[in-house]
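Asker: Quick one: this structure, given as structure tokens, is what I'll be asking you about.
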């Protein structure tokens, strides 16, 4: 499957999110009339196949990279990475409802190994991640963050993937659109803190300025809630990062379909506290895993290789 990668905003371990994921699972099961799909890949709580292939991808410690890690973190021996586990296949809960799996968890572990560090994953609501990172609660944030100039004001971003946005709708009662300009007067479900939420709100103002009905933007604390609004008929259009939207569509058993054209191609960034001294080490680790082949192996495992980059950069985001 050819995928373009999408753009997100931010994501804390919460019972609310887990309930949301499980409710979405139940909704999909009811719609599809079937249980979990089973094959050799990893399956998540929605019964969705998470990986194109199974098996752990590992990396050896790179001494040159390890020397760039700040002494405080090196002495601790652990890298704390925040992500919102409601965004499959990039980051989501496994069937046990506790283990975080996906592209970002796998790649975070590979980066940590390259630095000679263990990795601890923290599940954090998307819009709380960057404030928590700035407050020093986490060392890194890897949660499908689009690298934007606005975010670069508060954190450093090390690019590692290319992303865009995909629209989707109910297949039985589709709302056909071409792009953002067709959202006027329609109800759109988006996750809080994402670039999609910002884009829908901005388009709503454009609609009103042009004399059309505004966009009815329904904002949810996680992607699971946004998806459920669409499958239950409370929203007409969903917007999410391309791999995530493609995953949602694939797992809906034909109940959802893509509509319109993807837009907004931009890089994902690993967010780093500007005062941590860790940015150069992260950049070096990404470069080492690209040249060493672990990077592309992680992307291939999760069917995201079409979003791969040749060179990682610091703060190479979009306006």
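Values in this text are rule-based calculations from the coordinates and carry no lab data. Note that this is a predicted model, so its numbers are computed, not measured. Positions of Cβ are generated from backbone atoms using ideal geometry, with glycine treated the same way; all protein chains shown enter the neighbour counts.
Asker: Shape verdict for the range 89-144, please, from the Cα gyration tensor: rounded (a/c under 1.5), prolate (a/b greater than b/c) or oblate. Don't skip to the end; give the middle numbers.
Answerer: Details: a/c = 1.87, a/b = 1.07, b/c = 1.75.
Note, shape of the range 89-144 comes out oblate.
Asker: Next up: In nanometres, what is the gap between the two model label sites at residue 316 and residue 234, each 7 Å from Cα along Cα-to-Cβ?
Answerer: 4.0
Asker: Ranking request for peptides 253-266, 279-292: highest mean number of other beta-carbon atoms within 10 Å first, then the rest in descending order. Each step should come with its number before you reach the end.
Answerer: Values: 253-266: 17.9, 279-292: 21.0.
Highest mean packing first, the order is 279-292, 253-266.
Asker: Moving to a separate point now. Return the distance in nm (one decimal) between the two label points of a simple spin-label model at residue 58 and residue 257, each offset 7 Å from Cα along Cα→Cβ.
Answerer: Taking the two extended label points, one gets 4.6 nm.
Asker: Just to be sure I understand the model, the point goes 7 Å from the Cα along the line to the Cβ. What's the resulting residue 305 to residue 120 distance in nm?
Answerer: 3.6
Asker: If you average the sequence gap of Cα pairs under 8 Å that are 6 or more apart and divide by the length of the range 164-264, what percent do you get for the contact order?
Answerer: Across the range 164-264, relative contact order equals 48 percent.
Asker: Okay, moving on. For a paramagnetic label modelled at 7 Å from the Cα of residue 275 toward its Cβ, which residues of the range 144-159 fall within the zone defined by backbone nitrogen distances under 20 Å?
Answerer: Correct set: 151-158.
Asker: Okay, moving on. Applying a 10 Å radius around every beta-carbon, put 118-130, 57-69 in order of their mean neighbour count, most first. Walk me through the numbers before you get to the answer.
Answerer: On the way: 118-130: 21.2, 57-69: 15.7.
Order by mean packing, descending: 118-130, 57-69.
Asker: Please compute the length gained on full extension between residue 66 and residue 206, using 0.36 nm multiplied by the number of residues separating them and subtracting their Cα-Cα distance.
Answerer: 45.5 nm
Asker: Gain in length, residue 99 to residue 291, computed as 0.36 nm per residue apart minus the alpha-carbon separation, to one decimal in nm?
Answerer: Stretched fully, the residue 99-residue 291 segment lengthens by 66.2 nm.
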